1. State yes or no: is E97 surrounded by 16 or more Cβ atoms within 10 Å (Cβ to Cβ), touching a helix residue (DSSP H, G or I) at 6+ places or on another chain (Cβ under 9 Å) and in contact (Cβ under 8 Å) with a residue 60 or more places away in the chain?
2. Is there any pair with a first residue in the stretch 149-162 that is farther than 20 Å from V90 by Cα and a second that is loosely packed, with under 14 Cβ neighbours inside 10 Å and of a type outside the set (D, E) whose Cβ atoms are under 8 Å apart and which are 6 or more apart or on different chains, and what are they?
3. Can you pull out the residues in the stretch 53-78 that are within 17 Å of H7 (Cα to Cα) and open to solvent by 50 Å² or more (accessible area, probe 1.4 Å)?
4. Of all residues being open to solvent by 40 Å² or more (accessible area, probe 1.4 Å) and part of a loop (DSSP other than H, G, I, E, B) in the stretch 1-26, which is nearest to P108 (Cα to Cα)? Just the residue, please.
5. Looking at the stretch 79-196, what helices (runs of 4 or more DSSP H) fall wholly within it and have at least 3 residues that are at pLDDT 95 or above and either assigned by the TED database to the domain that holds F59 or out of contact with any Phe, Trp or Tyr (no Cβ under 8 Å at 6 or more places or on another chain) (or both)?
6. Go through (1) among the hydrophobic types (A, V, I, L, M, F, W, C); (2) touching a Cys at 6+ places or on another chain (Cβ under 9 Å); (3) within 23 Å of I21 (Cβ to Cβ) for F190 and report which single condition fails.
7. Yes or no: E102 closer than 30 Å to A141 by Cβ, touching a helix residue (DSSP H, G or I) at 6+ places or on another chain (Cβ under 9 Å) and open to solvent by 60 Å² or more (accessible area, probe 1.4 Å)?
8. Which pairs do you get when a residue that is within 13 Å of K53 (Cα to Cα), found in the stretch 6-24, comes within reach of a residue that is of a type in the set (D, E, K, R), reach meaning Cβ atoms under 6 angstrom, with the pair 6+ apart or on two chains?
Amino acid sequence: MPKIVDHDQRRLELVDATWRIIARLGIESATMREIALEAGFANGALKPYFPTKDDLLTFAFGHVFNRTNERIAEFTAGQAGLAALRAFCVEVLPLDEERINEARIVIPFWQKAINDPDKARIHRESMEQWLAAIRQHLAEAREAGNVTTAVDDAALAGQLLNLLLGAQISAALAPAGQVELGLNEQLEGFLALLAC
């Protein structure tokens, strides 16, 4: 009787192995052979799932984005305005080792997206989704009287997204094991300025 393989589970195992390799060795050393070894598979077993490392990186970016969105949905459920905005941001910020490893996946994807129109489109669509959510939370907060700044919500949303994305770079470049980068304080400082 042939063994039944859960292909979705295998893809996720490969993504998790990719995170571990990139965290330890960096993207350039994350060869398909190293990833297969880390996941406990034969090198050839990756080809049906991800013919190239580039394909794996694209899938990994989508997986990170979806995982982040799942966390956002969980922690913003039943909230609106400033509370929802804060919860959204906390789930995007790389505040622990898992989210720092996610940043280590996202940054190489961005690098590839500079010259790859398909990856650039994936990134652009993902960020448009986040900007829409941020603008919605800002509008709710403004209606509740918690946002009083004269700065336009579209500009505020762009600033906040840039803060969140820049935090990915800071966390990925921090010395190994350093997870406290003052990101919570920076977020609270930004949110405090909304009432100015």
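1. It is false that E97 is surrounded by 16 or more Cβ atoms within 10 Å (Cβ to Cβ), touching a helix residue (DSSP H, G or I) at 6+ places or on another chain (Cβ under 9 Å) and in contact (Cβ under 8 Å) with a residue 60 or more places away in the chain.
2. Qualifying pairs under 8 Å: T149/L193; T149/A195; T149/C196.
3. D55, F59, listed by residue number.
4. D6
5. 81-92, 117-143, 153-173, 183-193
6. Of the numbered conditions (1) among the hydrophobic types (A, V, I, L, M, F, W, C); (2) touching a Cys at 6+ places or on another chain (Cβ under 9 Å); (3) within 23 Å of I21 (Cβ to Cβ), the odd one out for F190 is (3).
7. On the way: closer than 30 Å to A141 by Cβ: yes; touching a helix residue (DSSP H, G or I) at 6+ places or on another chain (Cβ under 9 Å): yes; open to solvent by 60 Å² or more (accessible area, probe 1.4 Å): no.
Against the criterion (closer than 30 Å to A141 by Cβ, touching a helix residue (DSSP H, G or I) at 6+ places or on another chain (Cβ under 9 Å) and open to solvent by 60 Å² or more (accessible area, probe 1.4 Å)), E102 does not qualify.
8. A17/E38; I21/E34; I21/E38; I22/R104
The values are calculated or read from the model by the stated rules, or taken from the named source; none is laboratory data. Quantities reported herein were computed from a predicted structural model and do not represent experimental measurements. Ideal geometry is used to build each Cβ from the backbone, glycine not excepted, and the neighbour counts take in all protein chains shown. Keep in mind that these areas ignore ligands, DNA and RNA; they rest on the heavy atoms of the full protein, side chains included. Shrake-Rupley method; radii C 1.70, N 1.55, O 1.52, S 1.80 Å.
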